[in-house]
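The values are calculated or read from the model by the stated rules, or taken from the named source; none is laboratory data. Fair warning: this is a prediction, and the values are worked out from it, not measured in the lab. Here the Cβ is made from the backbone with ideal geometry for all residues, glycine too, and neighbour counts use every protein chain on show.
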Amino acid sequence: MKKGVFGGLDWSNDGRDPEAYTLVLSDKPQDVRMQDYPLSKQNKKREIFYLFGDREFKYALIPRFFAKFFKHYDIISIAISELIARSRSLEYLIIDGAMRNSDKDTIGRLLHPIKLPKIIATKEADIYYQIVNIAHHVAYNLYKEHTSPGSIEDCKKYLKFLIQPQINSYSDLFCKD
């Protein structure tokens, strides 16, 4: 891949409450080089700031009630577009999971006039791309931070990285029939 700002995106708790979408940003080419061996996906409770090192990250929590109004793929498009819109100018975005061309079109429409980065969406990206693997682990740990009993102070330290999509911003675009 060329030089620029790269993003790795993954989410945790797919289809349950809340879904935690995480975008990790890097300008390190080694973070987006495909690995010759699978990286570990074993989830362990870890300090989130340790996981992403000197990379940046943003995350979005999508509550269950979004599913009453939007289709599953539209929720994913909303989360991804929100994360891209509030990040540095991305050249490339690697997403764990297959993505339909129509979903990429939807993300581009939601981002307009922001330029859509080149999107590489592939199954198991979280075991073959370092940046997506980091996003996988951060998403899992953020989900655990926000749903496990514990101190509110534990969650507060991550709030400056939180992006919370507003449902009313998307009501005209996608509402279920």
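General observations
- The lone criterion from (1) at pLDDT 85 or above; (2) outside any loop (DSSP other than H, G, I, E, B) left unmet by Pro165 is number (2).
- Among the residues of this structure, Leu39 does not count as one that is modelled with pLDDT under 90, over 19 Å from Ile131 (Cβ atoms), of a type in the set (A, V, I, L, M) and in contact with a strand residue (DSSP E or B) (Cβ under 9 Å, 6 or more places away or on another chain).
- Residue identified as touching a Phe, Trp or Tyr at 6+ places or on another chain (Cβ under 8 Å) and either charged (D, E, K, R) or modelled with pLDDT under 95 (or both) among Glu124, Glu82, Glu91: Glu91
- The set of residues in the stretch 42-63 being outside any loop (DSSP other than H, G, I, E, B) and either farther than 18 Å from Leu162 by Cα or at pLDDT 85 or above (or both) consists of Glu56, Phe57, Lys58, Tyr59, Ala60, Leu61, Ile62.
- Enumeration of residues in the stretch 97-118 that are in a helix (DSSP H, G or I) and surrounded by 12 or more Cβ atoms within 10 Å (Cβ to Cβ): Asp103, Lys104, Asp105, Thr106, Ile107, Gly108, Arg109, Leu110, Leu111
- The conditions of being at pLDDT 85 or above and in contact with a strand residue (DSSP E or B) (Cβ under 8 Å, 6 or more places away or on another chain) are met by Ile119.
- Taken together, the residues in the stretch 138-148 that are crowded, with 21+ Cβ neighbours inside 10 Å and either over 11 Å from the mean Cα position of the chain (by Cα) or more than 23 Å from Asp27 (Cβ to Cβ) (or both) amount to 4.
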